[in-house]
Every structure is written in C-alpha cells, then in structure tokens.
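The values are calculated or read from the model by the stated rules, or taken from the named source; none is laboratory data. Remember, it's a predicted structure, so these values are computed and weren't measured experimentally. A quick note on method: Cβ atoms are made from the backbone with ideal geometry, for glycine too, and the neighbour counts reach across all protein chains shown.
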Amino acid sequence: MSPQAQPVPVRIPFNKPYMTGKELWNIAQAHTNLHLAGDGEFTRRCHAWLERAPQVHKALLTHSCTAALEMAALLADIRPGDEVIMPSYTFVSTANAFVLRGAVPVFVDIRQDTLNIDEQLIEAAITPRTRAIVPVHYAGVACEMDTIMALARQRGLLVVEDAAQGVMATYKGRTLGTLGALGAYSFHETKNIISGEGGALLVNDPAYADRAEIIREKGTNRSQFFREQVDKYTWVDTGSSYLPGEVIAAFLWAQMEEAESITRRRMAAWEQYHRGLAGLEREGLLRRPIVPPECQHNAHMYYILLPSLQARTEVIRRLKQSGVNTVFHYVPLHSAPHGLKVGRCAGPMTHTENLSERLLRLPMWVGVDAAAVIEALCQAVA
Ligand SMILES: *Cc1c(COP(=O)(O)O)cnc(C)c1O
C-alpha cells in the first residue's frame, strides 16, 4: 500500500447529531399516552412552537422538508408545463417537488456574496407560464426577500420559501419560512434542530390552511372531523400521507425546547471559525462567508471558498490525512442528468458553476473542536 492509501482514523467528523438527553424520555411518554400515529400531544406542542412566529397562520409537521415542498406544489395547483423559478445551487427536493407535478424548474444564477438566488435576475426569468418563485436560504442566510416578495406581488406569483436550513434564522427580524405564502423546514439529522427525518410546512397565507390539512391527511377532512366541524370524514381532495408519527414528534419536541441553546452553541463555533480564518482570507488563500447585516443566520453551516476546484480537492485530501472530514456541496441541478432533461436555465450560470466548484463545508456541530479544524486548515492551505 502506498502511504496515501492508508486509512486515517476520523478525528473530527463532518457532522455529529446532537441529542439533548430528553428524546428517549419523550418517546417513552408517547408510548405511555398510547398515541403513536400522528397529530397527538407532542405534535400539538411542536405546532405551537412553530406558530409562535406571528406571521404563521398554521404549522403542520411533515415527515421531511421534501414532503412539505410537495405539499406546497399541490397547494399551488401546479400543472404540467407550469414554470417555477429557483436557484440551480440547491438540494434536489426544491426542484423534484414541482417536477412531480409536471412543472419545469427554471434556474436562476446565484449571488456571489450569499450564494442565494440573485433577486435582480428573477424578473427576466418570468414568462406567461411562471407560477411560483422558490427562494432557498442557503446556510440559513436569508435571500433578499423584500425584493422577491415585491416582485411576486406585482406579477401575481406564489412564493414558497425553501427554509430547510433556516430554522431560528431571521431576515430584518422576521423568521425565515414565514415570509412567503408557504415555507418549508427540515429536521433531518444534518440540520440544526433534528428528528432523524422530519420537516414542517408553514402556512402563512390563511387561504391555504384548510387544503393544507386535507392534503396532509390523504385528501380527507379528518382534522375537521376531529374538531367536530364536519359530521363525517371522507375523501374531499387529492392528497397523500405527509404527517409523522408521535415518536418522531416526541423526539423533535425535546430538540425544540432547547433550540435557543443549540443555536447559541453552534453560533459560538461559527464565530470561532470566522475569527480564526480571517488571517487566511487576508492572505488571499480562501474567502469566508458573507452575511448581510439584515440577516441573522443560525450557524447551520460554515463554508469556505477556495481559489479553484484543484485547490479544493487538495485541501479535502490533506484535511482527511489529518483526520478532519470536510465535504463539498451541491452539484448544480441545471447540469445534473435529470436537471438537463426537465429543467431550463434562465441565463448564464456563471456564479453557480464557479462557486459550487470552490466551496468546502467545515465540520459544524454542537461541541466541534473548531480550533483543531482551523489549525489543520492552516496547514492544508499553506
Ligand atoms: C435538507 C434540505 C432539503 C430536504 O430536506 P429533507 O427534510 O431531507 O427532505 C431541501 N432543501 C434544502 C435546501 C435542504 O438543505
């Protein structure tokens, strides 16, 4: 074996799910309550927590953010041939949810500073077939929502926020996921507040509330029946099963109760990275994340931008040699095999292509030894 091929033990993993210690106790409670299907006591508590943001009319737990986005596409009555504007630099679910309804994802390039959709390019991407805009708040840093919302209002388009990474983050003091008509959260184990798999749909425009409940409950009016608003429970719309069971909600509730402290502790690691890497940025060896002053992020991610794809490949290799696991992120959807088939670019994807090749995500979790990562990185980029 050559020296390079020798496996180096992982000293600092890229992600490590955080447990508050109350998850299993809550799950035991759910068993004691003898309510294991969805929409029991723990789901109600999670809904109330999500509904504490004043703009949220109704929150609904789902089994993933993907499910919440699929619900949004159903609520929007997306038809084959409709167009939905989104960044190419995002997770596949942003597009798939709408592609499942026959829509064409129309990709818009990203901004160099935040890596979010470039709001200045959206208007030119609108055609008579455009139905919705899906801003994605990358790394929990908000898109330029005032501009996007004003344009959507003017052109009669629906805004669905993919706020998968945005739990506990704000834009001009307003909670991400509560700014568009609909917002989607993820509680996947790689996110900040977790339940393994999990998500939520935030219904901010009350016009969508009744149908959202129905779509989530297999197209039935079961929820209205349990509230005794109707006297029988029947099939009233197209729908599916999008709700999680109580075991998941019980787990999630333990996390929600500690959301502030989880966010604080992640922020401390983020700040440590940011201070510790200022010198390398001054030397021109990397670029640190840029957070506009109106955005309060949630330390979902700490990424760096390296000078080139080759530099990134080499840094990943060197860090791995010192036991530090780092990962790159999205392969832009417009150039992915299925994106080429079903999507369309609204213009050149210059920044998307360039930045996605240079981005590297550093280990980010509660308790991560950021100092050790910084030290390894200083050696790796030298
Ligand atoms: C994680 C993520 C999703 C998918 O979330 P799931 O809960 O795994 O379905 C969608 N969009 C973005 C931007 C994400 O980061």
| Failed item in (1) of a type outside the set (A, V, I, L, M); (2) touching a helix residue (DSSP H, G or I) at 6+ places or on another chain (Cβ under 9 Å); (3) more than 14 Å from the ligand (Cβ to nearest atom), with His63 passing the rest | (3)
| said: Would you confirm whether or not region 85-92 contains a residue that is part of a helix (DSSP H, G or I), within 16 Å of the ligand (Cβ to nearest atom) and surrounded by fewer than 22 Cβ atoms within 10 Å (Cβ to Cβ)? | reply: yes
| task | Give the residue that is farthest from Ala72 (Cα to Cα), with candidates limited to residues of region 170-189 that are within 14 Å of the ligand (Cβ to nearest atom) and surrounded by fewer than 24 Cβ atoms within 10 Å (Cβ to Cβ). | result | Glu189
| task | Only residues that are buried (at least 23 other Cβ atoms within 10 Å of the Cβ), out of contact with any Pro (no Cβ under 6 Å at 6 or more places or on another chain) and β-branched (Val, Ile, Thr): list them for region 116-158, please. | result | Ile122, Ile133, Val134, Val141
| said: Looking at Thr352 and the list (1) assigned to a loop (DSSP other than H, G, I, E, B); (2) buried (at least 17 other Cβ atoms within 10 Å of the Cβ), which single condition is not satisfied? | reply: (1)
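Residue-wise test of (1) under 25 Å from Phe91 (Cα atoms); (2) in the same structural domain as Val373 (by TED's automatic domain parsing); (3) aliphatic (A, V, I, L, M); (4) in contact with a strand residue (DSSP E or B) (Cβ under 6 Å, 6 or more places away or on another chain).
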position	(1), (2), (3), (4)
Trp270	yes, yes, no, yes
Gly279	no, yes, no, no
Arg287	yes, yes, no, yes
Pro293	no, yes, no, no
Tyr303	yes, yes, no, yes
Tyr330	yes, yes, no, no
Met349	yes, yes, yes, no
Glu357	yes, yes, no, no
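Filtering region 152-166 down to residues that are among the hydrophobic types (A, V, I, L, M, F, W, C) and more than 16 Å from the ligand (Cβ to nearest atom), which residue is nearest to Thr94 (Cα to Cα)? Walk me through it before giving the result.
First pass over region 152-166, keeping only residues among the hydrophobic types (A, V, I, L, M, F, W, C): 152, 157-160, 163-164.
Then keep just the ones that are more than 16 Å from the ligand (Cβ to nearest atom); that gives 152, 157-158.
Details: Ala152: 18, Leu157: 17, Leu158: 15 Å.
Among those that are among the hydrophobic types (A, V, I, L, M, F, W, C) and more than 16 Å from the ligand (Cβ to nearest atom), it is Leu158.
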| remark: Subset of region 22-53, residues in contact (Cβ under 8 Å) with a residue 40 or more places away in the chain and part of a loop (DSSP other than H, G, I, E, B), comes to Lys22, Asn33, His35, Leu36, Ala37, Gly38, Asp39, Gly40, Ala53
| note | Scanning region 93-140 residue by residue, those assigned to a loop (DSSP other than H, G, I, E, B), under 29 Å from Arg288 (Cα atoms) and away from the ligand (no atom under 12 Å from the Cβ) turn out to be Asp109, Arg111, Gln112, Asp113, Thr114, Asp118
| request: Can you give me the ranges of the helices (runs of 4 or more DSSP H) entirely in region 230-295 with at least 2 residues that are buried (at least 17 other Cβ atoms within 10 Å of the Cβ) and over 21 Å from the mean Cα position of the chain (by Cα)? | output: 246-257, 259-276
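Select, from Met149, Met145, the only residue that is modelled with pLDDT of 95 or more, more than 16 Å from the ligand (Cβ to nearest atom) and hydrophobic (A, V, I, L, M, F, W, C).
Only one candidate passes the filter, namely Met149.
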| request: Inspect region 307-316 for any residue being farther than 17 Å from Pro13 by Cβ, in the same structural domain as Leu360 (by TED's automatic domain parsing) and among the basic types (Lys, Arg) and give the result as yes or no. | output: yes
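Touching a helix residue (DSSP H, G or I) at 6+ places or on another chain (Cβ under 6 Å), of a type in the set (Val, Ile, Thr) and either assigned by TED's automatic domain parsing to the domain that holds Ala30 or within 15 Å of the ligand (Cβ to nearest atom) (or both): is that true of Ile215 in this structure?
yes
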| said: Could you check region 174-228 and list, in sequence order, the residues that are free of Cβ contacts under 8 Å to residues at least 12 places away in the same chain and assigned to a loop (DSSP other than H, G, I, E, B)? | reply: Arg227, Glu228
| message | Going through Ala73, Ala59 one at a time, which residue ends up being touching a His at 6+ places or on another chain (Cβ under 8 Å) and either part of a helix (DSSP H, G or I) or aliphatic (A, V, I, L, M) (or both)? | response | Ala59
| Restricting attention to region 193-202, and to residues there that are farther than 18 Å from Ala53 by Cα and more than 9 Å from the ligand (Cβ to nearest atom), which single residue is surrounded by the most Cβ atoms within 10 Å (Cβ to Cβ)? | Ser195
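Do you know which residues across region 66-83 are more than 9 Å from Arg101 (Cβ to Cβ) and within 16 Å of the ligand (Cβ to nearest atom)?
Step one: filter region 66-83 for residues more than 9 Å from Arg101 (Cβ to Cβ), giving 66-69, 71-72, 75, 81, 83.
Those that are more than 9 Å from Arg101 (Cβ to Cβ) and within 16 Å of the ligand (Cβ to nearest atom): Thr66, Ala67, Ala68, Leu69, Met71, Ala72.
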